[in-house]
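Visitor: Once you've had a glance at the structure underneath, I'll fire off some questions.
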Amino acid sequence: MAAELSSIRQCESGGNYSYNDGQFYGAYNFDLSTWHAAGGT
């Protein structure tokens with residue numbers, strides 16, 4: 001599972017946990033509503 005998550009991070013944001021394009025955020029490129037639905041704050 002770790003290898004799959006690493007591949008997703010690389011594809012979505014180049015592995016950059018600080019990624020922010022103004023609409024999507026973080027290593028997995030969640031939008032804010034998805035992040036909040038997953039329990040993020």
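Visitor: Compute the angle between helix 2-13 and the longest alpha-carbon principal axis of the chain, please, reported from 0 to 90 degrees and rounded to the nearest 10.
Guide: So the inclination is approximately 60 degrees.
Visitor: How many Å³ per residue does the convex hull of the Cα positions in the chain occupy? It would help to have the intermediate numbers written out before the result.
Guide: Details: hull volume 2.9 nm³, N = 41.
Expressed per residue, the convex hull around the Cα atoms of the chain is 70 Å³.
Visitor: Moving on to the next point. Based on the mean of other Cβ atoms within 10 Å per residue, sort peptides 25-37, 9-21 so the most packed one is first.
Guide: On the way: 25-37: 14.1, 9-21: 12.5.
Ranked from most to least packed, the peptides come out as 25-37, 9-21.
We did not get these values from a lab; they are worked out from the coordinates using the rules stated. This structure is a prediction, so every number in the text was calculated from the model and none was measured. Positions of Cβ are generated from backbone atoms using ideal geometry, with glycine treated the same way; all protein chains shown enter the neighbour counts.
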